[in-house]
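Each remark here refers to the structure printed beneath this line.
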Amino acid sequence: MRFCRRGSVGWKPLRETEQLSRAEYSASNAQRAARPPRKFWTVVWIGLVAGTLDIAENIIFNHFRGVTMKMIFQYIASGLIGMKSFSLGAESVALGVVIHYAIAMTWTVVFYLLSRKLLILTRQAAISGIVYGGVVYVIMNFIVLPLTSVPHAPRAMTVASRVSGVLALLFCIGLTISLLMREYAPPQ
């Protein structure tokens, strides 16, 4: 029995010289099954882009406040290991980087899964992205952070810090994820 290769416009019969044997067909399917699906890598790439934009905004904003990159990542790590992160050095900085990107990946995967069920998320990507960024901000700041070991600020958060945090999640996380998802991983 002979099998046909899939053409660009659907299945079409192949000439005798182009037909695959059973062994060739099975081998090509095994190769395809062995590698992760393209969508997986697309979602990873989108998460890395969003996470990088978010942390870049954070680094730039905090630079003008005298906060170093090291302090930012140690602060992120303190959510898991508490005040000890500020005395660990490079280990806590690395942990902070891993935690930051894990959070960005999580929000990217959540959006991806939601966009498979709610098609409006990719059809109206700009609006959905802004709303999604707002939801991420609320969940992270009012649910997740209070449950972590992050040290509480000795004084109230400034308006500039609050606005920076909101805008970063609206544009760097929400909008970035939704626009890239619409372009590179649209629902089928």
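The values are calculated or read from the model by the stated rules, or taken from the named source; none is laboratory data. Keep in mind that this is a model prediction, so the values were computed, not measured. Cβ placement follows ideal geometry from the backbone for every residue including glycine, while neighbour counts extend to all protein chains displayed.
Here I143 clears all of (1) of a type outside the set (S, T, Y); (2) part of a helix (DSSP H, G or I); (3) under 19 Å from the mean Cα position of the chain (by Cα) except the condition numbered (3). Does the range 152-188 hold any residues that are hydrophobic (A, V, I, L, M, F, W, C) and not in a helix (DSSP H, G or I), and which are they? Result: A153, A156, M157, A185.
The helices (runs of 4 or more DSSP H) falling completely within the range 49-128 that include 3 or more residues that are surrounded by 14 or more Cβ atoms within 10 Å (Cβ to Cβ) and more than 14 Å from the chain's Cα centre (by Cα) map to 69-81, 85-88, 90-117. Hey, can you tell me all the residues within the range 55-102 that are acidic (D, E) and touching a Phe, Trp or Tyr at 6+ places or on another chain (Cβ under 9 Å)? E57 - this is the single residue of the range 55-102 that is acidic (D, E) and touching a Phe, Trp or Tyr at 6+ places or on another chain (Cβ under 9 Å). All of G47, G89, G10 fail the test of being assigned by TED's automatic domain parsing to the domain that holds L147 and at pLDDT below 95, apart from G89.
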